[in-house]
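J.: My questions all concern the structure below.
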Amino acid sequence: MNEVNARTAVILTLAVLAAGCAIKPKAPPGIAPTVEVGAPLKSEVWKHVATAADQDRLSRLGLAWQDALADARKTNDADIRREGALLRARAALPRPEPTPGSYNCRLIKLGRATSKSRAYESFRPFFCYVEVEGDLLTIVKQTGSQRPAGRLWEDDEPTRLVFLGSLALGDQQQPVAYGDDPKRDMAGVLERIAPFKWRLVIPWPQSTSKLDVFELTPVDFSQQPQ
């Protein structure tokens with residue numbers, strides 16, 4: 001390096017150091033500095049409501065799909081293939097919000113949670129209802145001895161809503177509030193899997209299965225329960 005270049009390098013180095021050591025100007029008297037904070041993540045909102053147990057269940061959703069399908073394929077592989085996207089783990093589509101109204105709902109239970117339970121069970125359809133409650137959507141099962149009901153929360157994953165709810169049993173008109181009875185709490189995700197078809201997936205339910213999958217399809221007004 002010649003003498004001119006060496007001098008230039010030294011001057012530039014001193015300039016950088018001087019800039020780094022410069023004193024930052026203070027705010028004018030009476031004006032406090034402010035820090036802008038972005039909006040909270042959508043998941044932070046529902047996690048503030050969800051119990052620790054349900055947050056854990058939802059965090060292991062992928063494992064629930066894996067274990068439940070592995071169990072069920074041993075005995076009911078043809079049934080699983082026949083259901084198509086309903087029982088395909090990665091089938092969620094954009095815009096998961098369902099339209100308020102009545103739906104035909106159908107439940108399929110996958111995986112053995114106990115040695116005596118079945119790996120695959122499909123139940124008869126029933127009616128459920130999606131309605132608007134303030135800024136949230138809710139899902140209510142309208143018939144049967146066990147009737148889940150809960151709210152749908154936005155999530156950071158754009159292809160799903162998070163479901164937090166509980167069960168009404170027997171002739172109870174309303175389910176207990178979410179979080180009041182841990183044995184009745186339910187947590188899952190709602191996804192759209194085709195035009196006018198949704199599924200509610202409950203991982204590690206407090207029952208005999210490893211994964212509960214509810215299929216939701218809208219019904220005509222003439223078919224809606226009174």
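The values are calculated or read from the model by the stated rules, or taken from the named source; none is laboratory data. Fair warning: this is a prediction, and the values are worked out from it, not measured in the lab. No Cβ is skipped: glycine too gets one built from the backbone with ideal geometry, and neighbour counts run over all protein chains shown. All accessible areas refer to the heavy atoms of the entire protein, side chains included, with ligands and DNA or RNA removed. Shrake-Rupley method; radii C 1.70, N 1.55, O 1.52, S 1.80 Å.
J.: What are the pairs with Cβ atoms under 8 angstrom where one residue, in the stretch 118-141, is over 21 Å from Lys197 (Cβ atoms) and among the small types (Gly, Ala, Ser) and the other, located anywhere, is assigned to a strand (DSSP E or B) and open to solvent by less than 30 Å² (accessible area, probe 1.4 Å)? Sequence gap at least six, or different chains.
T.: Short answer, once both residue conditions are applied: Ala119/Leu110.
J.: Which members of the stretch 124-141 meet the condition of being of a type in the set (Phe, Trp, Tyr) and open to solvent by 70 Å² or more (accessible area, probe 1.4 Å)?
T.: Answer for the stretch 124-141, where residues must be of a type in the set (Phe, Trp, Tyr) and open to solvent by 70 Å² or more (accessible area, probe 1.4 Å): just Tyr129.
J.: Considering only residues that are under 20 Å from the mean Cα position of the chain (by Cα) and among the charged types (D, E, K, R), which ones fall in the stretch 184-221?
T.: If the condition is that a residue be under 20 Å from the mean Cα position of the chain (by Cα) and among the charged types (D, E, K, R), then Arg184, Asp185, Glu191, Arg192, Lys197, Arg199, Lys210, Asp212, Glu215 are the ones that fit.
J.: Give Asn104, Asn76 a once-over and let me know the one that is surrounded by fewer than 17 Cβ atoms within 10 Å (Cβ to Cβ) and either touching a Cys at 6+ places or on another chain (Cβ under 7 Å) or in contact (Cβ under 8 Å) with a residue 24 or more places away in the chain (or both).
T.: So the residue among Asn104, Asn76 that is surrounded by fewer than 17 Cβ atoms within 10 Å (Cβ to Cβ) and either touching a Cys at 6+ places or on another chain (Cβ under 7 Å) or in contact (Cβ under 8 Å) with a residue 24 or more places away in the chain (or both) is Asn104.
J.: Something else now. Can you tell me which condition Ile108 does not meet? The list is (1) of a type in the set (Val, Ile, Thr); (2) farther than 19 Å from Arg73 by Cβ; (3) modelled with pLDDT of 90 or more, and all the others hold.
T.: Checking Ile108 against (1) of a type in the set (Val, Ile, Thr); (2) farther than 19 Å from Arg73 by Cβ; (3) modelled with pLDDT of 90 or more, the one that fails is (2).
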